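K.L.:
Here it is, the structure, as C-alpha cells.
The values are calculated or read from the model by the stated rules, or taken from the named source; none is laboratory data. None of these values were measured; they are calculated from a predicted model. Methodologically, a virtual Cβ is constructed for each residue, glycine included, from the backbone with ideal geometry; neighbour enumeration extends over all protein chains shown.
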Amino acid sequence: MGKKLRILTGKTKQSVSGPILLNDVFDSHRFDGGHSQVLNQAFASFQLYQPERFSGTVSFFRASHRPLLHSLSKDLGWARFADRVDVHSIRSNQKVLVKLLTQPIYDRE
C-alpha cells in the first residue's frame with residue numbers, strides 16, 4: 001500500500017520524511033471535525049501496522065478470472081505471512097467470488 005500511495009502522491013522513499021498523511025491522498029477536510037479526525041487516525045494506524053507471521057495454514061480462495069492488471073503470484077503474496085498457503089481457484093470473477101463467500105449460508109440458493 002505504501003508503494004501505491006507514493007505513486008499516487010508522486011513521492012519517493014527518499015522524499016518522504018514522515019508518514020504519508022490522509023490528505024496527501026484523499027481530501028478528508030470535507031468531513032466534519034469528528035469524522036476527519038477518525039479517518040486520519042485510522043489511516044495513520046494502517047501505515048504503522050506490521051502483520052506478524054502466522055504459523056498455521058491460510059486457505060486462500062482466488063477467482064480464476066482476474067483483472068487485466070493484477071499480481072501474477074498464485075497466492076497474491078500471502079506466503080509472506082503464513083507458513084503454508086492452500087490456494088483454491090474458483091471458476092469465477094472476483095466480484096462473484098466475494099459475493100459468494102460473504103453471503104450468509106441461509107441466503108444461498
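K.L.:
Return only the number of the condition from (1) of a type in the set (Phe, Trp, Tyr); (2) modelled with pLDDT of 90 or more; (3) loosely packed, with under 11 Cβ neighbours inside 10 Å that Phe54 does not satisfy.
P.N.:
Among (1) of a type in the set (Phe, Trp, Tyr); (2) modelled with pLDDT of 90 or more; (3) loosely packed, with under 11 Cβ neighbours inside 10 Å, Phe54 violates only (3).
K.L.:
For region 68-88, give me each residue that is modelled with pLDDT under 85 and either polar (S, T, N, Q) or exposed (fewer than 10 other Cβ atoms within 10 Å of the Cβ) (or both). Steps first, answer last, please.
P.N.:
Here is the first cut: in region 68-88, the residues modelled with pLDDT under 85 are 68-74, 76.
Once the filter is applied, which keeps residues that are modelled with pLDDT under 85 and either polar (S, T, N, Q) or exposed (fewer than 10 other Cβ atoms within 10 Å of the Cβ) (or both), region 68-88 yields Leu68, Leu69, Ser71, Leu72, Ser73.
K.L.:
Further, regarding this structure: What's the total number of residues in region 16-31 that are more than 22 Å from the chain's Cα centre (by Cα) and at pLDDT 70 or above?
P.N.:
2
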